[in-house]
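Engineer: Sharing a structure with you now.
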Amino acid sequence: MKILITGTAGFIGSHLAQKLVARGDKIVGLDNINDYYDVNVKYGRLHRGGIIEELKDGKDIGFNTLITSKTDTNYKFIRMNLEDKEAMDKLFADEKFDAVCNLAAQAGVRYSLTNPQAYMGSNIVGFLNILECCRHHGIKNLSYASSSSVYGSNTKLPFSTKDNTDHPISLYAASKKSNELMAHTYSHLFGISTTGLRFFTVYGPWGRPDMALFLFVKAALEGETIDVFNHGDMLRDFTYIDDIVEGVTRVIDNRASSKPPKPPYKVYNIGNNNPVKLMDFIKAIENKLGKTIDKNFLPLQAGDVPATYADVTDLVADMGYKPCTPVQEGIDKFVDWYLDFFYKSPKNLKEKQN
């Protein structure tokens, strides 16, 4: 199968590309490599897949040119903005994909409070271009990243895909809910099979530096204090990256279907189905590092929620799969990676091949 994966310099996209290439799929990865966080981390992920062009002497990977991996010719990468409609259309026309998995987006709940404009480009206009390209190039298999944030201030636990999601509490969440509505429309009008994936607090090696695990481990190693919001009274359905990728892979292989007049549209939660107290999560980090972390307890932040908990009934029923990695095991793997690849010399991340 030939698959376009957007966001392959990102956390989930880079892992997914590695898995699908390893099983023999032909993958075209796409990313604009923006500077929302350290681009060295993004280049490090690309290097894992054999994409060796790098930031050097002020020169970066150019836009709109396919690069073939040095380690597997079935993997190609292109730097491109989803908002570039003409370039996107040409890519679809040239490559003739069998399936598309859209994981590219402007991420971050808190960032959306101060930079709302950043979310309209990739998350709304970019997603529309994905839908339009699928429509005009005959692609019937589209999966895309949504988020547990669409549940907003819902207090009913666990979160079910049958719950009302009409009251998001951040612009990021609103953009993800918009993606689900747009996908439903294209499924209804044009028969495109679309599957939304509501991810729950993904963590693991090669994760995002703005996420709590990254920040907590860095602070612990440097003897700094961490900010603990809602005075530590938070629950999160922490989901290890390998579990997320396995769920996404199964969704790609089993596209949404339905009997008319219902459209071929589906949304799944992908979470560990086992929420963990934030203080227990921090304790797991302390257990691995063998040290106590200094904590600064603060109120709940705007746009944040006190608890997330995924009901994965549909994922189990339709895909025969349920995430299962224990948090201590996942944290141990992350810390080992962090110490090997990031802690001593983050600028050398893009030179690591693993």
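Conditions tested, residue by residue: (1) within 18 Å of the chain's Cα centre (by Cα); (2) under 22 Å from residue 11 (Cβ atoms); (3) β-branched (Val, Ile, Thr).
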| residue | (1), (2), (3) |
| --- | --- |
| 187 | no, no, no |
| 210 | yes, yes, no |
| 213 | yes, yes, no |
| 217 | no, yes, yes |
| 220 | no, yes, no |
| 238 | yes, yes, no |
| 249 | yes, yes, yes |
| 264 | no, no, no |
| 271 | yes, yes, no |
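Engineer: Do you know which of the residues in the stretch 217-227 that are in contact with a helix residue (DSSP H, G or I) (Cβ under 7 Å, 6 or more places away or on another chain) and part of a strand (DSSP E or B) is nearest to residue 333 (Cα to Cα)?
Structural biologist: Result: 226.
Engineer: May I pose another question? If we keep just the residues of the stretch 62-75 that are open to solvent by less than 70 Å² (accessible area, probe 1.4 Å) and not aromatic (Phe, Trp, Tyr), which is nearest to residue 140 (Cα to Cα)? Please lay out each step first, then the result.
Structural biologist: So the first thing to find is which residues in the stretch 62-75 are open to solvent by less than 70 Å² (accessible area, probe 1.4 Å), and the list is 62, 66-69, 72, 74-75.
Subset that is not aromatic (Phe, Trp, Tyr): 62, 66-69, 72, 74.
Values: 62: 30, 66: 24, 67: 26, 68: 26, 69: 27, 72: 27, 74: 22 Å.
Across the stretch 62-75, the extreme among qualifying residues is 74.
Engineer: Related question: So, of the residues in the stretch 331-353 that are part of a loop (DSSP other than H, G, I, E, B) and open to solvent by 70 Å² or more (accessible area, probe 1.4 Å), which turns out to be modelled with the highest pLDDT? Step through it out loud before you land on a result.
Structural biologist: Of all residues in the stretch 331-353, those part of a loop (DSSP other than H, G, I, E, B) come to 342-345, 352-353.
In the following step, the residues that additionally are open to solvent by 70 Å² or more (accessible area, probe 1.4 Å) were identified as 343-344, 352-353.
On the way: 343: 68, 344: 58, 352: 47, 353: 43.
That would be 343.
Engineer: Within the stretch 231-266, work out how many residues are among the hydroxyl-bearing types (Ser, Thr, Tyr), touching a residue at least 40 places away in the same chain (Cβ under 8 Å) and surrounded by fewer than 22 Cβ atoms within 10 Å (Cβ to Cβ). Give the derivation first.
Structural biologist: Just the residues of the stretch 231-266 that are among the hydroxyl-bearing types (Ser, Thr, Tyr), to begin with: 239-240, 249, 257-258, 265.
Within this subset, residues satisfying the condition of being touching a residue at least 40 places away in the same chain (Cβ under 8 Å) are 239-240, 249, 257, 265.
Among the residues that remain, those that are also surrounded by fewer than 22 Cβ atoms within 10 Å (Cβ to Cβ) are: 249, 257, 265.
The qualifying residues number 3.
Engineer: Given the residues 202, 217, which is the only one that is touching a strand residue (DSSP E or B) at 6+ places or on another chain (Cβ under 7 Å) and either within 19 Å of residue 148 (Cα to Cα) or open to solvent by less than 10 Å² (accessible area, probe 1.4 Å) (or both)? It would help to see each step written out before you state the result.
Structural biologist: On the way: 217 fails: touching a strand residue (DSSP E or B) at 6+ places or on another chain (Cβ under 7 Å).
Sole residue among the options that is touching a strand residue (DSSP E or B) at 6+ places or on another chain (Cβ under 7 Å) and either within 19 Å of residue 148 (Cα to Cα) or open to solvent by less than 10 Å² (accessible area, probe 1.4 Å) (or both): 202.
Engineer: How about the stretch 172-196: which of its residues are assigned to a helix (DSSP H, G or I) and surrounded by fewer than 23 Cβ atoms within 10 Å (Cβ to Cβ)?
Structural biologist: Restricting attention to the stretch 172-196, the residues satisfying the condition of being assigned to a helix (DSSP H, G or I) are 172-190.
Across the stretch 172-196, the qualifying residues are 174, 177, 178, 180, 181, 182, 184, 185, 186, 188, 189, 190.
Engineer: Would you pick out the residues in the stretch 149-195 that are over 15 Å from residue 108 (Cα atoms) and aliphatic (A, V, I, L, M)? Give the steps one after another, and end with the answer.
Structural biologist: The first filter runs over the stretch 149-195 and keeps only residues over 15 Å from residue 108 (Cα atoms), leaving 151, 153-167, 178-195.
Scanning the stretch 149-195 gives 157, 181, 182, 183, 189, 192.
Engineer: Kindly indicate the residue of the stretch 1-60 that is polar (S, T, N, Q) and assigned to a helix (DSSP H, G or I) and also modelled with the lowest pLDDT among those meeting that condition. Show your work before the answer.
Structural biologist: Taking the stretch 1-60 first, the residues polar (S, T, N, Q) are 6, 8, 14, 18, 32, 34, 40.
Still in the running and assigned to a helix (DSSP H, G or I): 14, 18, 40.
Working: 14: 97, 18: 97, 40: 87.
So the residue we want is 40.
Engineer: A further question on this structure: Can you confirm whether the stretch 157-170 contains a residue that is in a helix (DSSP H, G or I), touching a helix residue (DSSP H, G or I) at 6+ places or on another chain (Cβ under 7 Å) and not polar (S, T, N, Q)?
Structural biologist: Of the residues in the stretch 157-170, the ones in a helix (DSSP H, G or I) are none.
Checking the stretch 157-170: not a single residue is in a helix (DSSP H, G or I), touching a helix residue (DSSP H, G or I) at 6+ places or on another chain (Cβ under 7 Å) and not polar (S, T, N, Q).
Engineer: So which residues in the stretch 159-189 are closer than 18 Å to residue 101 by Cα and out of contact with any Phe, Trp or Tyr (no Cβ under 7 Å at 6 or more places or on another chain)? I'd like the intermediate steps shown before the answer.
Structural biologist: Initially, the stretch 159-189 is screened for residues closer than 18 Å to residue 101 by Cα, giving 175-187.
Passing the criteria: 176, 177, 178, 180, 181, 185, 186.
Engineer: Ok, one more. Does any residue of the stretch 305-313 turn out to be buried (at least 17 other Cβ atoms within 10 Å of the Cβ), of a type in the set (Gly, Ala, Ser) and over 30 Å from residue 188 (Cβ atoms)?
Structural biologist: The answer is yes, given that some residue of the stretch 305-313 is buried (at least 17 other Cβ atoms within 10 Å of the Cβ), of a type in the set (Gly, Ala, Ser) and over 30 Å from residue 188 (Cβ atoms).
Engineer: So which residues in the stretch 71-87 are among the basic types (Lys, Arg) and outside any helix (DSSP H, G or I)?
Structural biologist: Initial filter on the stretch 71-87 (among the basic types (Lys, Arg)): 76, 79, 85.
Residues satisfying the conditions are 76, 79.
Engineer: Then there's this: Show the residue pairs that are 6+ apart or on different chains and have beta-carbon atoms under 9 Å apart, the first residue being within the stretch 23-51 and crowded, with 24+ Cβ neighbours inside 10 Å, the second being part of a helix (DSSP H, G or I) and among the aromatic types (Phe, Trp, Tyr).
Structural biologist: So the pair list comes out as 44/341; 45/11; 51/43.
The values are calculated or read from the model by the stated rules, or taken from the named source; none is laboratory data. No experiment lies behind these values; they were computed from the predicted model shown. Cβ: placed from backbone, ideal geometry, glycine included. Neighbour counts: every protein chain shown. Ligands, DNA and RNA are excluded from the accessible area calculation, which covers all protein heavy atoms including side chains. Shrake-Rupley method; radii C 1.70, N 1.55, O 1.52, S 1.80 Å.
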